[in-house]
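Trainee: Before I ask anything, let me first share the structure, which is written out below as structure tokens.
The values are calculated or read from the model by the stated rules, or taken from the named source; none is laboratory data. Please read all numbers here as calculations on a predicted model, not as lab measurements. All Cβ positions, glycine included, derive from the backbone under ideal geometry; neighbour counts span all protein chains shown.
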Amino acid sequence: MKTVHMTLQGKGGVGKSFVASMLAQYHLEKGLDTVCIDADPINATFSRYKAFQTRQFDLMERNEVEMAKLDELMEMMISEDSHFIVDNGVASFLPMSNYLVGFGAVEALEQAEKRLMIHTVITGDQGLLDTLENFTKIATQMPPQVQIMLWLNEHFGPISFDGKTFEEMKAYKAHKDRLAGIIQIPQQQSLFSRNLRTMLDRFLTFDEAITGTDFRLLEKQRLTMVRRDLFEKMAVAL
């Protein structure tokens, strides 16, 4: 069964496009026929990766997300026999969430024998409460056949509040049964973080960075270690 992977999170700058790029690289490595869509109307980060041949899809009309454009996107995902990875921005979080639930989209995907998996991000530090709130909205709103993959991004700091770990928080306890899996993006040590940041800033894949000439030997080794860690987690969760 083909899967439609969608990033959804109403908080900006938490790593949605990073998640989309990791999914795209994982699918490429596995040789899976995959279409990548950048549906972020404000920050088209995903489409800047040349390796993914990402299609930009404009959802906006008169500065608002147009529901008819969402119909076009849905029909594309239903008609093409491929996996899809769709990176949504902050502006499309509520419209896309409401569309999936209230306009027959989930049912249409199900009838087309396509699985829908929502990927949402929880981040530490100042974004924690906002990302928790939006995760709760998704878990509450989405029908049971929609799978939810949670990415814990500790790049900005540990995911903890009032001495509680994520697994001890109310949001997790209330909705843990909705989760298809959890992928943790640990806070990297300084050199690992610097090398990964450089790779992302240049919109390179792990493969491009490791086989190319932009990075030194030890930098490539650290990126290899990061890729192995993330891809092993994805193999288990996906």
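Trainee: Of the numbered conditions (1) in contact with a helix residue (DSSP H, G or I) (Cβ under 6 Å, 6 or more places away or on another chain); (2) more than 30 Å from P95 (Cβ to Cβ), F166 satisfies every one except a single condition; which is it?
Mentor: For F166, the exception is condition (2).
Trainee: Would you say R62 is within 21 Å of D201 (Cα to Cα) and without any contact (Cβ under 8 Å) to a residue 40 or more places away in the chain?
Mentor: No; evaluated as a whole, the condition is false for this residue.
One line per residue, one yes/no per condition, for (1) among the polar types (S, T, N, Q); (2) not assigned by TED's automatic domain parsing to the domain that holds E110:
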residue	(1), (2)
T140	yes, no
G157	no, no
T165	yes, no
T205	yes, yes
E208	no, yes
T224	yes, yes
L230	no, yes
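Trainee: Counting only residues that are within 12 Å of M22 (Cβ to Cβ) and either of a type in the set (V, I, T) or in contact with a strand residue (DSSP E or B) (Cβ under 6 Å, 6 or more places away or on another chain) (or both), give me the helices (runs of 4 or more DSSP H) lying completely in the stretch 188-238 with at least 2 of them.
Mentor: Filter on the stretch 188-238 gives 217-237.
Here is a yes/no grid of residues against (1) closer than 23 Å to F46 by Cα; (2) at pLDDT below 95:
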{"position": "V90", "(1), (2)": "yes, yes"}
{"position": "P95", "(1), (2)": "yes, yes"}
{"position": "N134", "(1), (2)": "yes, no"}
{"position": "A139", "(1), (2)": "no, no"}
{"position": "L150", "(1), (2)": "yes, no"}
{"position": "E167", "(1), (2)": "no, yes"}
{"position": "A174", "(1), (2)": "no, no"}
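Trainee: Right, something else. Look at the stretch 93-127 and say how many of its residues are within 18 Å of V146 (Cα to Cα) and part of a helix (DSSP H, G or I).
Mentor: 17
Trainee: Restricting the search to the stretch 21-45, which residues are under 19 Å from P95 (Cβ atoms), modelled with pLDDT of 95 or more and not β-branched (V, I, T)?
Mentor: D38
Trainee: What's the number of the only condition in (1) of a type outside the set (D, E); (2) in a helix (DSSP H, G or I); (3) modelled with pLDDT of 95 or more that K69 fails to meet?
Mentor: The number of the failed condition is (3).
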